[in-house]
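Encoded as structure tokens, the structure appears first; notes follow it.
The values are calculated or read from the model by the stated rules, or taken from the named source; none is laboratory data. This is a predicted model, so every value here is computed, not measured. Counting neighbours? That spans all protein chains shown, and the Cβs are built from the backbone with ideal geometry, glycine included. The protein model used for the area step is the full one, side chains on, heavy atoms only, and it has no ligands, DNA or RNA in it. Shrake-Rupley method; radii C 1.70, N 1.55, O 1.52, S 1.80 Å.
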Amino acid sequence: MANTTVRGAQAIHGQNPQYLVETVIRNRIYESPYWKEECFALTAETLIDKAIELKFIGGVYGNQKPTQFLCLLLKLLQIQPEKEILVEYLQADEFKYLRALAALYVRMTFRSAEVYGILEPLLKDYRKLRYRNMGGYHLTYMDEFVYSLLREERVCDIILPRLAKRSVLEETGEIGPRKSRLLDAMEGRDDRSRSQSRSRSRSRSGSQRASPRASLSPSRRETNESRTRPPSDAGNRYVSQSPSRSRSPAAGSRNTSSLSSRSRSRSGSPYRSRSRSISPDRKDTVMSNGDT
């Protein structure tokens, strides 16, 4: 009774779901203590607790002993849970061994188009997994495990059902083309670089329009300023400071006013002598004439 498939279970690939596991391995699972003690009367809900306690995945080890992972897989084939429950198993990100168990069950029981649609998103999961086989323990990753489910014929010492090629399913229209994550990342970088170059070019053009004189050299600025100055300023700038015969009335008046102001400043000085200045030689001559 404990080893029989649940009533009302549907045939998978034309046979009993438990027969997907080879007879030798299936009999060893039935004889294992873990199957007799821990897997008895498990349901789709209580099986989650057992899957959370898993520490590794794998097939058989040692003296052809089945792993706990294989025992729970056979239990899933026996109770045959609904598709919605399996999707919930896969969406449990915090329980990686539960996800690996559900992924292997999906690969063994679902149609090819559904297998690609459900398992390909799991290729983005890069968490580590412990794998146990006849050689002992070694590390693998979730994406490698899922990739082996899609490519290999034998995983965890179980022969997988035949899977149609993806190219054939794409030609028949059952699934769409595969979306490469690497290609999406490269396209995202290209879009970012293009947007950054556009923003830089726009900022440069805006700055040039806002301040065109800022980009000119000092010599060009001076020439432009001299060209843009009004004629009156240019004439005042280049007026000769030396006296010339041909002067304009305005220039003459300016010069006379400057001379008068200079004479006033000289005459108004408090230290100027009021008497006429006489040289010493002339002074002696004047004094001698006065004596005579």
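Quick check on the stretch 17-180: take the gyration tensor over C-alpha atoms, sort the square-rooted eigenvalues as a ≥ b ≥ c, and tell me if it's rounded (a/c under 1.5), prolate or oblate.
Numbers: a/c = 1.59, a/b = 1.54, b/c = 1.03.
Since a/c reaches 1.5 and a/b is larger than b/c, the shape of the stretch 17-180 is classed as prolate.
Hey, which of these cross-link pairs are over 18 Å Cα-Cα: 96/124; 50/96; 75/165; 50/75; 75/124; 83/165?
Values: 96/124 13 Å; 50/96 13 Å; 75/165 29 Å; 50/75 11 Å; 75/124 28 Å; 83/165 23 Å.
Long pairs (Cα-Cα over 18 Å): 75/165; 75/124; 83/165.
Could you please state how large a percent of the accessible area of the stretch 17-180 is carbon and sulfur, counting protein chains only and using a 1.4 Å probe?
Working: 4240 of 8650 Å².
For the stretch 17-180, the apolar C and S fraction of the accessible surface comes to 49 percent.
Return the sequence-ordered ³J(HN,Hα) values of the stretch 118-129 in whole Hz as given by the Karplus equation 6.51 cos²θ - 1.76 cosθ + 1.60 applied to θ = phi - 60°, using x for Gly and Pro.
3J(HN,Hα) across the stretch 118-129, in whole Hz: 8, 8, 4, x, 6, 5, 7, 8, 10, 6, 7, 9.
Go through the stretch 72-77 residue by residue and turn each phi into a ³J(HN,Hα) via Karplus (6.51, -1.76, 1.60, θ = phi - 60°); whole Hz please, and just put x for glycine and proline.
Calculated HN-Hα couplings, in order: 5, 5, 5, 5, 5, 5 Hz.
Provide the gained length on full extension for the span residue 148 to residue 5, in nm with one decimal, where the gain is 0.36 nm per separating residue minus the Cα-Cα distance. Mind showing how you got there, number by number?
Working: separation 143, 0.36 × 143 = 51.48 nm, distance 2.79 nm.
Gain in length upon complete extension: 48.7 nm.
Return the sequence-ordered ³J(HN,Hα) values of the stretch 55-66 in whole Hz as given by the Karplus equation 6.51 cos²θ - 1.76 cosθ + 1.60 applied to θ = phi - 60°, using x for Gly and Pro.
10, 6, 10, x, x, 10, 8, x, 8, 6, 8, x
What residues qualify as long-range amide H neighbours of residue 160, i.e. H under 5 Å apart, gap of 5 or more or another chain, H built at 1.01 Å from N?
Here the answer is 154, 155, since their amide H atoms fall under 5 Å of that of residue 160.
What spacing in nm lies between the two simple spin-label points modelled at residue 95 and residue 82, each 7 Å away from Cα in the Cβ direction?
Label at residue 95, label at residue 82, 1.8 nm between them.
When you count, for each residue, the other Cβ atoms within 10 Å and take the mean per peptide, how do 57-66, 171-180 rank with the highest first? Walk me through the numbers before you get to the answer.
Working: 57-66: 17.3, 171-180: 11.0.
Per-residue Cβ counts within 10 Å, averaged per peptide and sorted highest first, yield 57-66, 171-180.
Along the Cα→Cβ direction, 7 angstrom out, place labels at residue 36 and residue 120. What is the inter-label distance in nm?
4.6
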